[in-house]
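What follows is a single structure, written as structure tokens, with notes after it.
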Amino acid sequence: MSGETMQADDFNYIRQLVLDQSALTLEAGKEYLVESRLDPLARQEGFPSYLHMVRSLRSAPVGELHRRVVEAMANNETSFFRDTRAFGMIARAILPALVAGQSAARTLHIWCAACSTGQEPYSLAMVLRESQLGLDGWDIRIIASDISRNVLARARAGCYTQFEVNRGLPAHLLVKYFEQHGTTWEIRPEIRRMVEFREMNLIHPWADLPAMHLILMRNVMIYLDIATKKTILERVGRLLDPCGYLLLGGAESTTGIDPSFEPASLEGAMCFRRRPERPRIAAAAAGDGVRVRAIH
């Protein structure tokens, strides 16, 4: 790493770039994080240090390298079956309820936002394959999106290290759904085909997404400001089926941000559902002075 110290104006430039391009908030005092994330990229791009790269970025119009810098600053932490309580809730409560509710349409749409290297959507695919819910012949779509092209390329490849498969993946599912190639494990084609990966920035329009029955947007909103959280939850509300479910991270909630959602505790875990719409009641004055209420 460079022996130079990042100046405040360089750090503020990166903070603003990341905010403008992804809505992610980089807190003050994170200069060390910028250095650790950007120095490898700078070396890869032929700069002597990340500071040289940042100063080059500042003098150029926003382009491909700016996008790669924003990607590098995103947190891509993930693992298979991350938060076992949440996946237990999905397997034992949410999926059976959705299957019962969709028995006529035989359609099930799931969206994993900010999917990183793919462990979350592949975990869902394995849950569906392992379920005894009679899903043969159903139209099942698992759409997984992320802002980073690099992590999406890894996700599509479906190849994981021994360390990655050791994090949360039960041994019987590793044996059943993965093939070992040297020091890596490749997920089998029947699971990989269940997931459709898309490059997607959550602050841009959500094009071509069908109505969703289950949305996982976990550990995303903790990095966003309140205004962006409100906007995203409003969009989720329009996209989510009235009987659908929204899963957020353990430190995230819709409370105080969007009153159209209400929390629900299932199987010892928390999810959110669209609050049933109530008739709008308008007060009107009758000719005799008696107040009457009209329901629209």
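The values are calculated or read from the model by the stated rules, or taken from the named source; none is laboratory data. Because the structure is predicted, anything quoted here is derived from the model rather than measured. Neighbour counts are summed over all protein chains in view; Cβ atoms, including those assigned to glycine, are modelled from backbone coordinates with ideal geometry.
A few remarks follow.
- The listed residue being more than 24 Å from PRO276 (Cα to Cα) and either part of a loop (DSSP other than H, G, I, E, B) or assigned by TED's automatic domain parsing to the domain that holds ARG106 (or both), out of ILE215, ILE203: ILE203
- For the range 11-54, a tally of residues being more than 29 Å from the chain's Cα centre (by Cα) and either part of a loop (DSSP other than H, G, I, E, B) or in the same structural domain as ASN219 (by TED's automatic domain parsing) (or both) returns 4.
- Residues in the range 188-198 that are over 21 Å from ARG238 (Cα atoms) and not aliphatic (A, V, I, L, M): ARG188, PRO189, GLU190, ARG192, ARG193, GLU196, PHE197.
- Qualifying positions in the range 198-241 - small (Gly, Ala, Ser) and more than 24 Å from THR107 (Cβ to Cβ): ALA227
- A single entry from LEU248, LEU240, LEU209 fulfils the requirement of being under 15 Å from CYS115 (Cα atoms), surrounded by 16 or more Cβ atoms within 10 Å (Cβ to Cβ) and in the same structural domain as ASP146 (by TED's automatic domain parsing): LEU248.
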